[in-house]
Amino acid sequence: MKVIVLGAGLVGAPMVFDLTNKNEFDVTVADFSDTSLNKFSKHSSIKTIKLDVTNKDELKSAIMDFDFVLSAVPGFLGYETLKTIIEAKKNVVDISFFPENPFQLNELALVKNVTAIIDCGVAPGMSNILVGYLSSQLDKTENVEIYVGGLPEVRELPYEYKAVFSPIDVIEEYTRPARYIENGKLIVKPALTDAELMSFPNIGTLESFNSDGLRTIAGTIDAPNMKEKTLRYPGHIEKMKLLRDTGFFNKEEIEINGKMISPLEFTSKLLFPKWKLEEGEVDITIMKIIVDGTKDNAKVNSSYYLFDKYDTETKVHSMARTTGYTATMAIRMLANGLFTQKGIIPPEFIGRDEECVNFILNGLADRGIFYKKRITRIALIILITQIGGDKE
């Protein structure tokens, strides 16, 4: 089968190499950057195309002869790129984190008879799959918590952070309003709020903050309490709030010495070199998922925990592994006919199918990515009190 991967960045390139492993697929990679495409110059089995995905006619022509599309474009390009792929009647797995509501494309996907799996990275992505799975095992879901972060192993001032995916998308996490569910009501707060210090195995104390990571599960999972928080080393929140609140992340252009410039563009030029994850630099991905509820008159507390590091053998960064290999396993799932539902498919829909969940988890384990599961069941005890005492 033929697969085309759109985007050859930090995550896109490892996905290409994973799909070509053991000659499973005939793979082509498309990107606008010659530098990105040059990564594959020594691999004769991988074909490359220079492509501007914003040119819809060019994009449709490029993907015409492929069985599956894997979209790894930056979030700001994600929605329109996905729409064009669906219009071309191609089944697609998408890891781009775009701000638009993906269900706006559901009717189009159904009309075109397309399976479009969206948000299929690590979080959103595996987080949604596992929340969907754990929730489907319950009679009633009461609480969902997701904590996730990608971090450098070595902490270097001033930011103690490196961008393990598109830096533009990182800044979106700091500026996009965060949604969560509390007592059955949708709450919207600025990102970087509700800071908490939390302790995790293998790494120690991290700080968490609100981010817009619930995505589709805010509407697809029936639970009165749900939240998603991003993890960073302590102190990072205040630095990002200072930049954001001062206006360094604003997109609107301002006049400086007779020239119009976007503060975000200026900030990006300064931050991105400091945030660049160098080749061979060790990064860490950490995620904890908690789902509480009831099953057969018992209270059930379930969780998954992930701690993953840069692979010194394959030289693939952890965030690229945990994000990209989720998507490549989803491509294999489709190719094997395990999942055939049409329309816009958020990952939690996959979580309803235990066979698909195990297929993806086993594929990730084969690649050295392990999600540790823990379930605790507590029987609910009903006490009946007799009022008035026994009769004689």
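The values are calculated or read from the model by the stated rules, or taken from the named source; none is laboratory data. Computed from a prediction, not measured in an experiment: that's the story for all the values here. Here Cβ is always computed from backbone atoms with ideal geometry, including for glycine, and neighbour counts include all displayed protein chains.
General observations
- Residue in region 179-192 that is among the polar types (S, T, N, Q) and at pLDDT below 90 present: no
- The residues on offer are Leu138, Leu157, and the sole one that is assigned to a loop (DSSP other than H, G, I, E, B) and free of Cβ contacts under 8 Å to residues at least 12 places away in the same chain is Leu157.
- Selection within region 219-269 - hydrophobic (A, V, I, L, M, F, W, C), assigned to a helix (DSSP H, G or I) and within 25 Å of Leu206 (Cα to Cα): Ile237, Met240, Leu242, Leu243
- When region 167-189 is filtered for residues that are surrounded by fewer than 22 Cβ atoms within 10 Å (Cβ to Cβ), outside any helix (DSSP H, G or I) and of a type outside the set (A, V, I, L, M), the ones remaining, listed by number, are Arg176, Pro177, Arg179, Glu182, Asn183, Gly184, Lys185, Lys189.
- Taking residues in region 271-296 that are at positive phi, and partners anywhere that are basic (Lys, Arg) and in a loop (DSSP other than H, G, I, E, B), the pairs with Cβ atoms closer than 7 Å and at least 6 places apart or on different chains are Gly280/Lys315.
- Selection from region 217-235 of residues that are charged (D, E, K, R) and within 15 Å of Gly293 (Cβ to Cβ): Asp222
- Residue match in region 301-309 (condition: among the hydroxyl-bearing types (Ser, Thr, Tyr), in contact with a helix residue (DSSP H, G or I) (Cβ under 8 Å, 6 or more places away or on another chain) and under 29 Å from Lys39 (Cα atoms)): no
- Val69 within 20 Å of Gly337 (Cα to Cα) and either in contact (Cβ under 8 Å) with a residue 40 or more places away in the chain or of a type in the set (Gly, Ala, Ser) (or both): yes
- Identification of strands (runs of 3 or more DSSP E) wholly contained in region 33-95 with 3 or more residues that are within 23 Å of Met126 (Cβ to Cβ) yields 68-71, 91-94.
- Extreme residue, nearest to Met1 (Cα to Cα), among residues of region 311-357 that are among the aromatic types (Phe, Trp, Tyr) and under 19 Å from the mean Cα position of the chain (by Cα): Tyr325
- Subset of region 53-70 (residues that are surrounded by fewer than 12 Cβ atoms within 10 Å (Cβ to Cβ) and more than 18 Å from Asn91 (Cβ to Cβ)): Asp57
- Annotation note: of Thr328, Thr314, the sole residue that is surrounded by fewer than 22 Cβ atoms within 10 Å (Cβ to Cβ) and either assigned by TED's automatic domain parsing to the domain that holds Val114 or more than 28 Å from Gln137 (Cβ to Cβ) (or both) is Thr314.
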